[in-house]
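Here the structure comes first, spelled out in structure tokens, and everything after it is commentary.
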């Protein structure tokens, strides 16, 4: 009995030590990361309705406009150089791109802190900040406010879906490997068509979940295009260098460009969705699988 107690006590001590080290590592990363957003972003958007200002990276095409717009939402790491590169790449195609910092000054490359960022950021807070971004876009003379789409990656894909349910003015939504919603009663409120891009080898999003997402979109009567790229892990559309190199990254990017061209080439014809109060809870299973995928899966070798 004493041996069992000692073993259990030892295991508990290890767990406590790991937790303490993880908490300490998040705190250290926070200190080391002070000023990162200032170096990455290039625009400060004034807050509305009592919300604080929003830092963002804005990429603008050459010319005077009026441009179609893409709001680009980062992964759970936060606004970083990968998103900035994608924003520049999309701007080169003729879109004005706004990539907001939805974590209000926090960005990292450390997975424990990335998860902490998501846990401590409420969906309603993100929606409020994106309302600030949207209102600012509507005030810009170079923007065609009838042609605004939202694109998100990983955490950003789920965020894009949630915001599309909140803001029924959006013309289209693109979700790259985000935790999908599978309830047709929720999805029927989407204001425009949806493009979903997923990896067949993504250990954080089982293919059956993607199939359920596609089925639910069909049942909800939402125009959509959902593609699973075989053998691709989570976050396989990593950066512009990989996109330009071709392969699955280049194909997925080209698919998005075609989708955006189809749905943003002409002024909006009026969206059909209704604003929804949908605010999902924290999906622990998804983020635990995601942490494993980034730490030990194929994704780990791509970063």
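The values are calculated or read from the model by the stated rules, or taken from the named source; none is laboratory data. Quantities reported herein were computed from a predicted structural model and do not represent experimental measurements. Cβ: placed from backbone, ideal geometry, glycine included. Neighbour counts: every protein chain shown.
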Exercise. Any idea which residue in the range 191-201 is farthest from residue 160 (Cα to Cα), counting only those that are crowded, with 20+ Cβ neighbours inside 10 Å and at pLDDT 95 or above?
Worked result: 199
Problem set entry | The one condition in (1) assigned to a loop (DSSP other than H, G, I, E, B); (2) modelled with pLDDT of 95 or more that residue 58 fails to fulfil | (1)
Exercise. Is at least one residue of the range 201-212 outside any helix (DSSP H, G or I) and closer than 21 Å to residue 87 by Cβ?
Worked result: no
For this session: Please go through the range 95-109 and pick out each residue that is without any contact (Cβ under 8 Å) to a residue 60 or more places away in the chain and touching a strand residue (DSSP E or B) at 6+ places or on another chain (Cβ under 7 Å).
Result: 96, 97, 98, 99, 100, 102
Exercise. Here are some residues: 301, 224. Which one is out of contact with any strand residue (DSSP E or B) (no Cβ under 7 Å at 6 or more places or on another chain) and either at pLDDT 75 or above or surrounded by fewer than 20 Cβ atoms within 10 Å (Cβ to Cβ) (or both)?
Worked result: 301
Exercise. For the subset of the range 63-76 comprising residues that are assigned to a loop (DSSP other than H, G, I, E, B) and in contact with a helix residue (DSSP H, G or I) (Cβ under 9 Å, 6 or more places away or on another chain), which member is nearest to residue 114 (Cα to Cα)?
Worked result: 76
Problem set entry | Condition met for residue 79 (crowded, with 18+ Cβ neighbours inside 10 Å, part of a helix (DSSP H, G or I) and modelled with pLDDT of 95 or more) | no
Exercise. Can you pull out the residues in the range 118-158 that are surrounded by fewer than 17 Cβ atoms within 10 Å (Cβ to Cβ) and either in a helix (DSSP H, G or I) or within 15 Å of the chain's Cα centre (by Cα) (or both)?
Worked result: 119, 122, 124, 125, 135, 138
For this session: Pick out the one residue from 255, 271, 285 that is under 30 Å from residue 138 (Cβ atoms), modelled with pLDDT under 95 and out of contact with any helix residue (DSSP H, G or I) (no Cβ under 9 Å at 6 or more places or on another chain).
Result: 271
Seminar exercise, completed: Filtering the range 240-265 down to residues that are within 19 Å of residue 82 (Cβ to Cβ) and either outside the structural domain of residue 173 (by TED's automatic domain parsing) or not in a helix (DSSP H, G or I) (or both) yields 246
